[in-house]
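Peer 1: Attaching a single structure in structure tokens format; questions to follow.
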Amino acid sequence: MSADGAVEIPSKYSVQETIDRLSSLLTSKGVKIFARIDQAAEAQAVGLSMPNTQLLIFGDPRAGTPLMRRYPSIALDLPLKALAWESADGKVWLSYNSPDFLMRRHHLESPPFKAVEAIFSAATR
């Protein structure tokens with residue numbers, strides 16, 4: 001995958017279980033889950049196929065709103081997203097935009113969302 005600014009970490013769980021674990025961990029921290037999109041199922045619904053891929057959209061308006069007020073362009077990347085996907089060799093990965101990338105992209109004074117990296121890591125181990 002290797003998109004600019006993306007971090008990819010291997011997961012020892014299935015795509016479904018990786019997103020389930022991530023959702024549970026985020027919710028336990030008071031983070032709101034806005035949407036969960038099963039992209040493979042949506043592809044199948046229109047007669048196309050793709051590897052198992054699910055996108056989780058989440059955030060905390062208490063943290064995001066002040067950032068969007070100060071740096072309006074960050075609304076392009078908020079709420080945050082995490083993508084669990086299966087590669088051609090059957091491995092499962094969790095991808096997300098790095099906090100440093102978001103800092104550079106939106107000219108923030110410090111990298112936001114560093115704490116969420118530990119949650120991503122916990123969801124995949």
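Each reported figure results from applying straightforward, stated rules to the coordinates on display, with no laboratory input. These numbers come from a predicted model, not from an experiment. For neighbour counting, all protein chains shown are included, and Cβ atoms are generated from backbone atoms with ideal geometry for every residue, glycine included.
Peer 1: Within segment 20-51, which residues are among the aliphatic types (A, V, I, L, M), in a strand (DSSP E or B) and in contact (Cβ under 8 Å) with a residue 24 or more places away in the chain?
Peer 2: Across segment 20-51, the qualifying residue is only I33.
Peer 1: Which of the residues that make up segment 78-109 are part of a loop (DSSP other than H, G, I, E, B) and crowded, with 19+ Cβ neighbours inside 10 Å?
Peer 2: L78
Peer 1: For segment 38-62, name all the residues that are surrounded by 15 or more Cβ atoms within 10 Å (Cβ to Cβ) and among the aliphatic types (A, V, I, L, M).
Peer 2: Those that are surrounded by 15 or more Cβ atoms within 10 Å (Cβ to Cβ) and among the aliphatic types (A, V, I, L, M): A40, L55, L56, I57.
Peer 1: Look at I9 and say whether it is within 19 Å of K114 (Cα to Cα) and either touching a Cys at 6+ places or on another chain (Cβ under 6 Å) or outside any helix (DSSP H, G or I) (or both).
Peer 2: Answer is yes for this residue.
Peer 1: What pairs come out if I take residues in segment 52-69 that are among the hydroxyl-bearing types (S, T, Y) and pair them with residues that are outside any strand (DSSP E or B) whose C-beta lies under 8 Å away, six or more apart or interchain?
Peer 2: These pairs meet every condition: T53/V15; T53/Q39; T53/A40.
Peer 1: Conditions first: (1) assigned to a helix (DSSP H, G or I); (2) farther than 14 Å from T18 by Cβ. F120 passes all but one, so which condition is the exception?
Peer 2: Going through the list (1) assigned to a helix (DSSP H, G or I); (2) farther than 14 Å from T18 by Cβ, F120 breaks only (2).
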